[in-house]
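Chemist: A single structure is presented below for examination.
The values are calculated or read from the model by the stated rules, or taken from the named source; none is laboratory data. All figures in this text were calculated on a predicted structure; none of them were measured in a lab. Glycine gets a Cβ as well: all are built from the backbone with ideal geometry, and neighbour counts include every protein chain shown. For accessibility, only protein heavy atoms count, side chains too; no ligands or nucleic acids. Shrake-Rupley method; radii C 1.70, N 1.55, O 1.52, S 1.80 Å.
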Amino acid sequence: MSEQRVAVVTGSSSGIGFEISLMLARHGFITYATMRDLQKRSILKSIADKENIPLKCIQLDVTNDISTKQAIETIVKESNKIDVLVNNAGYGLSGALEDLSINEIKIQFDTNFFGLIRATQAVLPIMRKQKSGAIVNISSGLGRFGIATSSAYASSKFAIEGLTESISYELEPFGIRTILVEPGIIKTNFIKAAVLAQKSTDPNSPYFQFMNNMEDGMKKLIESGEKPEYVARVVLDAINDNNPKLRYLAGKDVEQIMEIKNKVSDEDFHNMIKKMSS
Ligand SMILES: NC(=O)c1ccc[n+]([C@@H]2O[C@H](COP(=O)([O-])OP(=O)(O)OC[C@H]3O[C@@H](n4cnc5c(N)ncnc54)[C@H](OP(=O)(O)O)[C@@H]3O)[C@@H](O)[C@H]2O)c1
């Protein structure tokens, strides 16, 4: 079996997944950069070809059972092993809870949460056989605390946190590590790709003004966010960490907020977040 480690990344067409794929390939991983729309591969592929790094693009839509299964089967057939899975694919659904439809929330969970489960279940049999592997789940600061108009997104990330913590006990005996990476605000396509709840766009919504203020605030914040390379570096360091931890924060902002959250009462933390969002 080849000495080179094999990594699979979901949602590699842009932002954090794009940079994680490059980071891993640049550090010697045979990297399968997966994406739901392969037509978006050209920039990533041309960088990889120019740098002569081991990166392959294959189709994988995390909301589709067959696509996920086939992608992982293809990779295992080609490489005989998978050392690292990075569950990165995701998007944000915005809207006050009263304005969210159950269907909008289900679609949010189908990508962010069930998508991560599909990919994880597909790679576990091979990692178990190998008695080694690492599953890196891209959570968020919003996997540790909630904010207004992000209840669906934050709860999908809280769900990832609960899942990852739980499976760490199941997988440790098989030599498989589970890792949570929790980015702060990162300058990617995230805001452009975010889905606004349909009812939120109705000026008669009681949350209309509040929602618009939150959206404007987020657009400004993301402009001053960290580069996605920052998260990619945290992922690489987490995989190679000789002192393995379950959680890795990725961003000065989220580090500062979590430092406070770990010290103050829930009520004081609530007041701080309220002040920050007004
Ligand atoms: N940016 C931030 O501030 C931030 C902060 C904390 C956590 N995160 C998390 O980081 C991860 C990456 O987000 P990003 O900031 O890099 O945003 P992004 O630039 O919008 O990238 C999201 C990626 O997910 C992919 N994706 C969406 N649905 C998919 C599906 N069904 N199957 C496969 N891929 C799918 C997108 O593919 P398409 O190009 O086809 O849409 C895209 O490649 C997400 O899990 C997000 O929640 C982001």
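Chemist: Using DSSP to call loops (not H, G, I, E or B), can you name the trypsin sites (Lys or Arg not before Pro) in the stretch 108-206 whose Cβ has at most 15 other Cβ atoms within 10 angstrom? Each step should come with its number before you reach the end.
Modeler: Details: sites: ARG118, ARG128, LYS129, LYS131, ARG144, LYS157, ARG177, LYS187, LYS192, LYS199; in loops: LYS131, ARG144, LYS187.
Here the sparse-neighbourhood loop sites are LYS131.
Chemist: Hey, another quick one. With Kirkwood's inverse mean 1/r over C-alpha pairs for Rh, give me the Rg to Rh ratio of the chain, two decimals please. Display every interim value, and only then the final one.
Modeler: Working: Rg = 18.8 Å, Rh = 19.3 Å.
In the chain, Rg relative to Rh is 0.97.
Chemist: If the reach is capped at under 22 angstrom between alpha carbons, list the lysines near LYS261, excluding any in the same chain fewer than eight residues apart.
Modeler: Within the straight-line limit of under 22 Å, LYS261 reaches these lysines: LYS157, LYS245, LYS252, LYS274, LYS275.
Chemist: Here is a follow-up. Calculate, for ASN204 and SER101, the FRET efficiency according to 1/(1 + (r/R0)^6) with r their C-beta to C-beta distance and R0 25 Å; round to the nearest 0.05.
Modeler: Details: r = 16 Å, r/R0 = 0.64.
Efficiency, from the Cβ-Cβ distance: 0.95.
Chemist: Then there is this: Can you tell me which lysines have their Cα less than 16 Å from the Cα of LYS69? Leave out same-chain residues fewer than eight positions away.
Modeler: LYS69 reaches LYS77, LYS81.
Chemist: What helices does the chain have that are whole DSSP H segments, at least 15 Å long along their own axis by Cα, and with mean Kyte-Doolittle hydropathy of 0.0 or more? Walk me through the intermediate numbers first.
Modeler: Details: long enough: 15-26 (17 Å, 1.12); 65-79 (21 Å, -0.35); 115-130 (23 Å, 0.23); 151-171 (29 Å, 0.13); 208-223 (23 Å, -0.60); 228-240 (19 Å, 0.51); 266-277 (16 Å, -1.23).
Answer set is 15-26, 115-130, 151-171, 228-240.
Chemist: With a 1.4 Å probe and every protein chain left in place, work out the accessible area per residue of the chain in Å², rounded to a whole number. Present the calculation step by step, with values, prior to reporting the outcome.
Modeler: Working: 14270 Å² over 278 residues.
Value returned for the chain: 51 Å² of accessible area per residue.
Chemist: Of the heavy-atom accessible surface of the stretch 154-226 (probe 1.4 angstrom), what whole percent is carbon and sulfur?
Modeler: On the way: 2320 of 4090 Å².
Percent of accessible area from carbon and sulfur atoms in the stretch 154-226: 57.
Chemist: Once you keep just the Cα pairs under 8 angstrom separated by 6 or more residues, what percentage relative contact order results for the stretch 6-252?
Modeler: Numbers: 474 pairs, mean separation 51.8, N = 247.
Relative contact order here is 21 percent.
Chemist: Report, in whole Å, the centroid distance computed from the Cα atoms of the stretch 243-271 and the stretch 1-46.
Modeler: About 30 Å separates the Cα centre of the stretch 243-271 from the one of the stretch 1-46.
Chemist: Let me ask something additional. Pull out the extension gain between SER166 and GLU229, defined as 0.36 nm times the separation in residues minus the alpha carbon to alpha carbon distance; nm, one decimal.
Modeler: The span from SER166 to GLU229 would gain 19.8 nm if fully extended.
Chemist: Among rounded, prolate and oblate, which fits the stretch 222-275 when a ≥ b ≥ c are the square roots of the eigenvalues of its C-alpha gyration tensor, a/c under 1.5 means rounded, and a/b larger than b/c means prolate? Please report the intermediate quantities before stating the final value.
Modeler: Numbers: a/c = 4.68, a/b = 1.56, b/c = 3.00.
Here the stretch 222-275 falls in the oblate category.
Chemist: To continue, here is another question. According to a simple spin-label model (label point 7 Å from Cα along Cα-to-Cβ), what is the distance in nm between GLN130 and GLU73?
Modeler: In this crude label model, GLU73 to GLN130 measures out at 2.0 nm.
Chemist: So which residue, out of PHE190, PHE113, PHE210, gets the largest mean-square fluctuation from a GNM of the chain using Cα contacts under 10 Å as springs?
Modeler: Result: PHE210 has the largest fluctuation of those listed.
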